[in-house]
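Comments concern the structure below.
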Amino acid sequence: MPILIWAAIKAPWHALTARQERQHLLFFSLLFYSFFWSMDIHAGEQLRFHLLGVTTAVLVFGWHLAVVIGCAAIALSGVWLGVELQTLGTEALFTVIIPVTLVQGIFHLVSAIPNINLFAYTIGVGFLGSVLSVLLLSGLAWMYINLFGSDGLATTFNEYGYILLLMAFPEGFINGAMVSMLAVFRPDLLRTLDEKRLIDDQ
């Protein structure tokens, strides 16, 4: 909750009010993610796996708004699916906050590369960044569940955790395709895209 409040305070709301299409994109993203995350794979009674798609949100809105949108979508999908309230915090942590932070870190690492171009942005962050974030998230989830989860939950995750690894490639493909299309057709919607550096100066 403190992270969500801090993200909401620091979010660039002025950028949304300045352009109506960004407001439409925000509300569309909220509805899209709440529906997208409801399409999941259940493993036992306590675990469910689903694709994330948050790389695109980070590159379009930035870290703060991506966290706000993601947490709101988690709450909305929780209402639709009848998820218990006490589980929403953990779900927001592993579906939104950790993946969004990992992608943001990968973005900064890629941006630090000298003579970076548009290809490195779309493939390095959009595709490879998504794949890497899922792999890192898998490791963090394994550690968290084995340290703090019940024995039954840990056993279930150790048995079905490979599903997360199988999701790495489709996660990269979906985000890579979305980021590539936006970079080509609507680069103005990508908040993190430095058009002068990646396009004009090439």
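The values are calculated or read from the model by the stated rules, or taken from the named source; none is laboratory data. This is a predicted model, so every value here is computed, not measured. Virtual Cβ from ideal backbone geometry, glycine too; neighbours counted across all protein chains shown. All accessible areas refer to the heavy atoms of the entire protein, side chains included, with ligands and DNA or RNA removed. Shrake-Rupley method; radii C 1.70, N 1.55, O 1.52, S 1.80 Å.
Using a 1.4 Å probe over the heavy atoms of the protein chains, calculate the carbon and sulfur portion of the accessible area of the stretch 1-73 as a whole percent.
After summing per-atom areas, the C and S share lands at 70 percent.
First measure r as the distance between the Cβ atoms of VAL79 and ALA112, then evaluate 1/(1 + (r/R0)^6) with R0 = 35 Å and state the FRET efficiency to the nearest 0.05.
Efficiency, rounded to the nearest 0.05: 0.30.
At what distance in nm do the modelled label points of ILE123 and PHE94 sit from each other, each positioned 7 Å from its Cα along Cα→Cβ?
Between ILE123 and PHE94, the label points sit 3.3 nm apart.
Normalise the Debye intensity by I(0) for the stretch 32-77, one equal point scatterer per Cα, no solvent, then take log10 at q = 0.28 Å⁻¹ and round to two decimals.
Each listed q maps to, in turn, -1.01.
Would you kindly work out the equivalent ellipsoid of the chain from its C-alpha gyration tensor and give its semi-axes, the square roots of five times the eigenvalues, largest first in whole Å?
They are 29, 20, 14 Å, listed largest first.
Semi-axes of the equivalent ellipsoid for the stretch 1-76, please: Cα gyration tensor eigenvalues, times 5, square-rooted, ordered largest first, whole Å.
Each semi-axis is the square root of five times an eigenvalue, giving 25, 14, 9 Å.
Sorted by packing (mean other beta-carbon atoms within 10 Å per residue), highest first, where do 15-26, 161-172 land?
Result, highest mean Cβ count within 10 Å first: 161-172, 15-26.
Equivalent-ellipsoid semi-axes (√(5λ), Cα gyration tensor) for the stretch 80-169, whole Å, largest first? Let's see the in-between values first.
Working: eigenvalues 180, 41, 26 Å².
Semi-axes from the Cα gyration tensor: 30, 14, 11 Å.
Which FRET efficiency, nearest 0.05, do MET181 and ALA8 yield, Cβ-Cβ r, R0 35 Å?
According to the calculation, E is roughly 0.75.
Checking understanding here: applying a Kyte-Doolittle mean of at least 1.0 and a length along the axis of at least 18 Å (C-alpha), which whole DSSP H helices in the chain pass?
63-81, 98-111, 128-148, 168-185
Show me 144-150, 178-184, 51-57 ranked by packing, highest mean number of other Cβ atoms within 10 Å first.
Put in order of decreasing packing, that is 51-57, 178-184, 144-150.
Can you tell me how much longer the chain between ALA43 and TYR160 gets when fully stretched, taken as 0.36 nm per residue apart minus their C-alpha distance, in nm with one decimal?
Gain in length upon complete extension: 41.4 nm.
Go through THR90, THR122 and list them by solvent-accessible area, largest first, probe radius 1.4 Å.
Reading off the accessible areas and sorting them downward yields THR90, THR122.
Using the heavy atoms of the protein chains and a 1.4 angstrom probe, tell me the accessible area per residue for the stretch 49-202 in square angstrom. Can you show the working numbers first?
Numbers: 7390 Å² over 154 residues.
Counting only protein heavy atoms, the per-residue value for the stretch 49-202 is 48 Å².
Counting Lys and Arg as +1 and Asp and Glu as -1, each charge on the Cβ, what is the dipole of the stretch 79-202 about the Cα centre in debye, to the nearest 20?
Computed charge dipole of the stretch 79-202: roughly 220 debye.
So, in Å, what gap is there between the alpha-carbon centers of the stretch 120-188 and the stretch 43-107?
12 Å
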